[in-house]
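Since every read-out is calculated from the coordinates, none of them should be taken as a lab result. The model shown is predicted, which means the values in this text are computed figures rather than measured ones.
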């Protein structure tokens, strides 16, 4: 993939539907009584895995033109035993959400994932579900797929989650729909709340009191129409490009601006970015807006603590913005998150350094010395979408041409990325 330096980006674009919301719309539409129609669904491999799993449990799901989905829901207690293993593919989100639902079904099920992901641990989700009474067996005492889930009666419990365990919240709340008594999740910091918002939109009884989220059992969920907003994680690449490429003025339409996901906007504004939130409204219980970005001189900041869960997916492209900022940007508290533990941070640091950036990985995060001039060269995307797209953005401000290798994953994750970028 070849990226050339640009002297301006201007125009109006849209981005694909939010992946987190797309997964949940399929799941809750399947568990609701009646017909749910979804508009703006993300037709990516991960979300299609969720569709496949619910079809195997005898839910009628139609994929229509123009990113639309139609679901004839079975009701909260209407799923049927699957005749084969449920495969979440490469999606950790699909796997975790399905575990929350399957833990109390009156039938046996086997849940697995594809070969590239089967070594990834899932025990952090299995353990609290077992504490509620779930019977889940698997390799390494249930830490690895495939998992076999047996019928059980769940009892509501209080779960205290650390900063690094926010991904466990949604499966516990879903399990709480079926549990006897209340299921309470107490968070260390406020994390993504798409599950809570959509559950209540479908008629669940979820109460939120500060950092405490409580699920009460209900008799049923009821079908709703869902409009999936544009994914702010995808929008972040265009937001960053608009800030660092000179003479730029971009509007990104219909983006989800849920406050638990807009940490990147808060950070960029603290760096001096000119970002406007326009036409803000609530659609399907989610905040949606148009985002206008104008190229801006940026200054370095320290990013840590409560902000991290609100921008963890955007760390690679924030690092690119920090390269162009004046001063030293420090990012802390990444230890325990996938980007750090999987080695992706090291990959990112290595490739940005090849372009001339000063990026140092630390035990808990990274330090970026801003103000360095970038020069195009050959870099590697490692077939990780976030690293690949972040390098594309860096290439827009690097002298000459930047050749990015190992980018085939974009054909799955976001095949239109380069064509949308080229339209600006």
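Odds and ends about this structure:
- Entry for the stretch 224-359 at q = 0.15, 0.22 Å⁻¹: log10 I(q)/I(0) = -0.74, -1.39, Debye formula applied to identical alpha-carbon scatterers, no solvent contribution.
- Beta bridges assigned by DSSP with both partners in the stretch 19-227 are antiparallel in approximately 70 percent of cases.
- Placing one equal scatterer on every Cα of the stretch 45-96 and applying the Debye formula, the log10 ratio I(q)/I(0) at q = 0.30 Å⁻¹ is -1.19.
- By the helix-only formula, in which each DSSP H run with n ≥ 4 contributes -39500 (n - 2.57) and the sum is divided by residues, the chain has a 222 nm mean residue ellipticity of -8500 deg cm²/dmol.
- Separation between Cα centres of the stretch 123-147 and the stretch 156-171, rounded to whole Å: 15 Å
- The fraction of Cα-Cα pairs per 5 angstrom bin, counted from 0 for the stretch 84-147, comes to 4, 19, 34, 29, 11, 2, 0 percent, rounded to whole percents.
- Between 0 and 90°, nearest 10: helix 385-395 axis offset from the chain longest Cα axis: 20 degrees
- DSSP beta bridges in the chain [antiparallel fraction, %, rounded to 5]: 70 percent
- Compactness of the stretch 19-227 - radius of gyration and Dmax, Cα, Å: 15.6, 43
- Against the empirical curve 2.2 N^0.38 Å, the C-alpha radius of gyration of the stretch 162-299 lands at a ratio of 1.24.
- When the alpha carbon coordinates of the stretch 285-424 are projected onto the principal axes, the ranges are 44, 36, 32 Å, largest first.
- If you wrap the tightest convex hull around every Cα atom of the stretch 1-81 and split its volume per residue, you get 113 Å³.
- Helix 19-31 vs. the chain, principal-axis angle (Cα, 0 to 90°, nearest 10): 10 degrees
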